[in-house]
Structures are given as structure tokens and as C-alpha cells.
Amino acid sequence: MKKATAAMLATAVALLLAPGRARLAAQTGRDFLTADEVDQIRLTAADPNLRLKTYAQFARVRVDMISSLGKSAKPGQSGIIHQTLEDYTKIIEAVDMVVEDALKRGSDIVEGMQLVTDAEKEMLDVLQKFEASEPKDLGRYQFVLTTAIETTEDSLELSQQDLADRKKDVTARDAAEKKAREAMMTPDEVKIRQAAEKKQADTETKQKRKAPTLRRKGEAAGPPK
């Protein structure tokens, strides 16, 4: 595990130092993730627990990188730390979005939330100690470091919240936002939106009801055992 983490850290550092960083961002469309990380996230689309675990791993890599760079005095490292902190914050925000989407869909994310909670506690501690060490170039990334710490604190507070209560909060907020949006729409636009939402809901319901099977198409079920 340590070797894998070290390899991920080395790869991430190499990508951040590469002159083609801007080109990489343009290619992926996800500035806070590398191309390989984007591919990994795509593979977790059907499993919110795995997606949360994967995002947590990416966040840990950034925190380890920041901690490692803070112990050195390499030229240009303040810029790398600044960018890494911004990427880390966006990953934590992505975690919260995954959680809220899973709660809306009624997915069981107890396993993923435990992983996120444990990771955020550890990463928050590292970031706070890093800030307390008062690196010489701290002034160049103090704002993004403070933002990263506050974002982690907020996310951790949500992660420790009862999932049923959090789902109620998410549902209530979405309902309020939906009502506000519809208030600015014409009656015809509201009808079109409602029809689209109903169609999507019906599709999701059918997909949940369709039981998985290992039988080939047209093959009849055998007698009950």
C-alpha cells in the first residue's frame, strides 16, 4: 500500500512539474484531476462507495505532496503547493457532491462515508500542522491553504452528520432551489421540465426493478429447486 501511494505521489508531482500541465488540463476538462484520475473516476460511475474511496485516495496524494514539498526548499515549490491546494479543495467539494447525489438516489453509502470521515480527519490534521509550521513561503499560498482547511472542516462536519438527517436537508434545499427556478420559468417551460423529470424517474425505476440474470436472451428459466 505504501509503495502504491508513493508511486501515485511521484506521478502527481511529475505531472504538476511538467511544462504541459496546461495542455493536460485542456485535454481532460478537469483541471483538478490528472487524465489517469479522470479515467479512474469514470470507472466508478455505478458505485458511489467506490467513487468516494477513489476521491479520498486522490485527496490524500495531494496532502502528502504538500507535506513533502513543505519540507524542502525547491525553486518554484510555492506555486506547486498553491495549485495542489486548489486541486485538493476541488476534490473535497467533489466528494460532497457525490454524497448528495447518492442520497438523492437512495444509495447505501455507509461504507464510503466511513472512509471519507477517516480520511478527512487525517488530512485536516496534516494541513493544520503544515500551517502551524509556518513555512517561509506561506504568504504565497496562505489564502488557498485556509480555504482548503475550512473546506475540509465543513465537509468533515457533514460527513459526521446522520445520513438520514443529511438526506432531509439535501431534499429540502433541492426543493427550495427548484421552486425558485420554476418561479422564473414560463408555464410551458415548467411543464416541459416536469415531463423530463418524470421520464427520468420512470427510467430509473425500471432499471432498479429489472432483476439481473445470467440467462441468455430468450432462454427460459429452469424449474424451481
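Kindly check whether there is at least one residue in the stretch 68-81 that is loosely packed, with under 13 Cβ neighbours inside 10 Å, under 26 Å from residue 171 (Cα atoms) and of a type in the set (Lys, Arg). Within the stretch 68-81, not a single residue is loosely packed, with under 13 Cβ neighbours inside 10 Å, under 26 Å from residue 171 (Cα atoms) and of a type in the set (Lys, Arg).
Residue check: residue 152 meets all listed conditions (1) surrounded by 13 or more Cβ atoms within 10 Å (Cβ to Cβ); (2) free of Cβ contacts under 8 Å to residues at least 40 places away in the same chain; (3) closer than 30 Å to residue 63 by Cα but one, namely (2). Under the condition of being in contact (Cβ under 8 Å) with a residue 60 or more places away in the chain and of a type in the set (Val, Ile, Thr), which residue from the stretch 119-149 is nearest to residue 80 (Cα to Cα)? Restricting to residues being in contact (Cβ under 8 Å) with a residue 60 or more places away in the chain and of a type in the set (Val, Ile, Thr), the top hit is 144. Within the stretch 156-189, can you find the residues that are open to solvent by less than 60 Å² (accessible area, probe 1.4 Å), at pLDDT below 90 and not in a helix (DSSP H, G or I)? Once the filter is applied, which keeps residues that are open to solvent by less than 60 Å² (accessible area, probe 1.4 Å), at pLDDT below 90 and not in a helix (DSSP H, G or I), the stretch 156-189 yields only 185.
The residues of the stretch 42-63 that are without any contact (Cβ under 8 Å) to a residue 60 or more places away in the chain, open to solvent by less than 60 Å² (accessible area, probe 1.4 Å) and farther than 20 Å from residue 108 by Cβ, listed by number, are 58, 61, 62. Scanning the stretch 45-61 for residues that are part of a helix (DSSP H, G or I) and either within 10 Å of residue 88 (Cα to Cα) or not basic (Lys, Arg) (or both) returns 48, 49, 50, 52, 54, 55, 56, 57, 58, 59, 60, 61. Just one of the numbered conditions (1) free of Cβ contacts under 8 Å to residues at least 40 places away in the same chain; (2) open to solvent by 70 Å² or more (accessible area, probe 1.4 Å) is not true of residue 202: (2).
The values are calculated or read from the model by the stated rules, or taken from the named source; none is laboratory data. None of these values were measured; they are calculated from a predicted model. Note that we place each Cβ from the backbone using ideal geometry, even for glycine, and neighbour counts take in every protein chain shown. Ligands, DNA and RNA are excluded from the accessible area calculation, which covers all protein heavy atoms including side chains. Shrake-Rupley method; radii C 1.70, N 1.55, O 1.52, S 1.80 Å.
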